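As structure tokens, the structure follows; a few thoughts come after it.
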Amino acid sequence: MKINLANIKKAQKLLNKSECVAIPTETVYGLAGNAYSDIACKKIYKLKKRPKNNPLIVHYLNNQILKKDCKFNSDFLKLYKKFCPGPITFILDLKKNSKISKIVTNKKNTLAVRFPKHPITRNLLKNINFPLAAPSANLSSKVSSVSSDDVRDDFGKKVKYILEGGKSSIGLESTIIDIRKKPKILRLGGLEISAIKKILNKKINIHKNSSKISSPGQFKLHYSPGIPIRLNVKQIKKKEAYLSIKKLKQNKQNFYFLSKSGNLKEAAKNLYSTLRKIKKDKYKSIAVCKIPNKGLGKTINDRLKRASKF
Ligand code: TXA
Ligand code: MG
């Protein structure tokens, strides 16, 4: 995608004034503000209607800049070298003299940190002198945005500016790993756990117990298109939309598919936009076929499961 410097300048100016701007990333769009500014961060919570106890994730250009705010260890550096910039978020310890707003962390002493790969957002980060707090650009508990139109649908004119960056290439949020002690996955995401395991070469725990919520991305109802979803469906009910992983031979008006050939990467990229489309097409419920539980299919199933707790 061509980089439009005038657009980036516009976003930069607003961010400098503690305004919020939607930014494109390779995972999903983010609703960004200056992570050092209480005013900007308060605006993010208000716009998203996000509970105050759900901390924000912060985006940096590189680990040199992050050094001012967080402590590193060798596992972090190994994963950083291999996967950053990219779809992985690290939970790190904050340094005492960090300038990160207390609003970002809900006064915790840890910070969720990501290095986005999208060239437009990287260019923006190069041109500002603060990191960007940017949770996914959607209303709290709803489906994330993977295009500027999605952001517009959710927020209308309430968001001062949307930096155009095309459709997000991954389409699922980042994988979150708490890397401070024994590595623990807090949220499945766009980077497969097997790839992380290969680099760290040690046991990686996966946080499953949702009664002990350490990352509110683990809240039960999340990623919801706003209508009920049934999973692993074999028999479709009348008037339901049917979502399959690949294009079926039979093609009815209420049939939707995630990828022509059933490719999981493509399915991940199309998941949220297809859920939004079905809602827009006025269906009142969605029946989803069984999705293979491997690779990115695991993340797709995780999101659908949470979205089905309607
Ligand atoms: O791909 C992504 O991660 C996207 C793009 C925009 O970067 N962002 C995103 O943000 O998905 P959000 O806020 O929707 O999800 C971040 C998750 C939240 O569930 C939040 O609870 C968790 O990260 N989180 C933030 N700070 C944390 C912390 N200190 N400890 C544990 N979890 C944390
Ligand atoms: Mg989110």
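For Asp38 and Phe255, the FRET efficiency from 1/(1 + (r/R0)^6), where r spans their Cβ atoms and R0 equals 51 Å, is about 0.55. Summing charges over neighbours of Lys167, with a neighbour being any other residue whose Cβ is under 11 Å away from its Cβ, gives -3 when K and R count +1 and D and E count -1. Evaluating 6.51 cos²θ - 1.76 cosθ + 1.60 at θ = phi - 60° for every residue in the range 57-63, the Karplus couplings come out as 9, 10, 9, 10, 6, 7, 6 Hz, glycine and proline recorded as x. Under a 5 Å amide H cut-off, with hydrogens placed 1.01 Å from N, Ala137 pairs with Tyr29, Gly30, Leu31, Ser145 among residues at least 5 apart or on other chains. Hey, with R₀ at 22 Å, roughly what FRET efficiency would Leu139 and Lys108 work out to, going by the Cβ-Cβ distance, to 0.05? The calculated FRET efficiency here is 0.40. Overall, the chain carries a charge dipole of about 680 debye about its Cα centre when +1 sits on the Cβ of Lys and Arg and -1 on the Cβ of Asp and Glu, all other atoms neutral. Quick check: net charge around Ser98, other residues with Cβ under 9 Å of its Cβ, Lys/Arg +1 and Asp/Glu -1? Charge balance near Ser98 sits at +3.
Largest mean-square fluctuation among Lys158, Lys99, Lys247, in a Gaussian network model of the chain whose springs join Cα atoms under 10 Å apart, belongs to Lys158. Across the range 200-208, computed HN-Hα scalar couplings (Karplus, 6.51 cos²θ - 1.76 cosθ + 1.60, θ = phi - 60°) run 7, 6, 8, 5, 10, 7, 10, 6, 10 Hz from first to last residue, x flagging Gly and Pro.
Each 5 Å bin, from zero up to the one with the longest distance, holds this percent of the alpha carbon pairs of the range 130-175: 5, 20, 29, 29, 14, 3, 0. Taking amide H as placed 1.01 Å from N in the peptide plane, the amide H of Leu191 sits under 5 Å from that of Thr175, each at least 5 places away or on another chain. Across the range 259-273, computed HN-Hα scalar couplings (Karplus, 6.51 cos²θ - 1.76 cosθ + 1.60, θ = phi - 60°) run 7, 3, 9, x, 6, 5, 4, 5, 4, 4, 4, 9, 4, 5, 5 Hz from first to last residue, x flagging Gly and Pro. Each Cα pair under 8 Å and six or more residues apart adds its separation to the average, and for the chain the resulting relative contact order is 19 percent. Based on DSSP H segments of at least four residues, each scored -39500 (n - 2.57), the chain has a per-residue ellipticity at 222 nm of -8500 deg cm²/dmol.
The GNM of the chain, with springs linking C-alpha atoms under 10 angstrom apart, assigns the highest mean-square fluctuation among Leu186, Leu243, Leu231 to Leu231. FRET efficiency for the Asn129 to Lys158 pair, using the beta carbon distance and R₀ = 35 Å, is estimated at 0.85.
Annotation: amide H of Ser37 within the under-5 Å range of Ser101, sequence separation 5 or more or interchain, hydrogens built in the peptide plane.
Label separation (Lys95 vs Asp149): 4.4 nm, computed from points 7 Å beyond Cα along the C-beta direction. Highest GNM mean-square fluctuation among Asn293, Asn127, Asn251, for the chain modelled with Cα contacts below 10 Å: Asn251.
Please report the base-10 log of the normalised intensity I(q)/I(0) for the range 5-206, using a Debye sum with one equal scatterer per alpha carbon and no solvent, at each q in 0.10, 0.14, 0.16 (1/Å). Debye output, listed in q order: -0.37, -0.75, -0.99.
Where a number appears in this text, it was derived from the coordinates with a stated rule and is not lab data. Treat the numbers as computed from the prediction; the structure is a model and nothing was measured. Quick reminder, even Gly has a Cβ in these numbers, built from the backbone with ideal geometry, and neighbours come from all protein chains shown.
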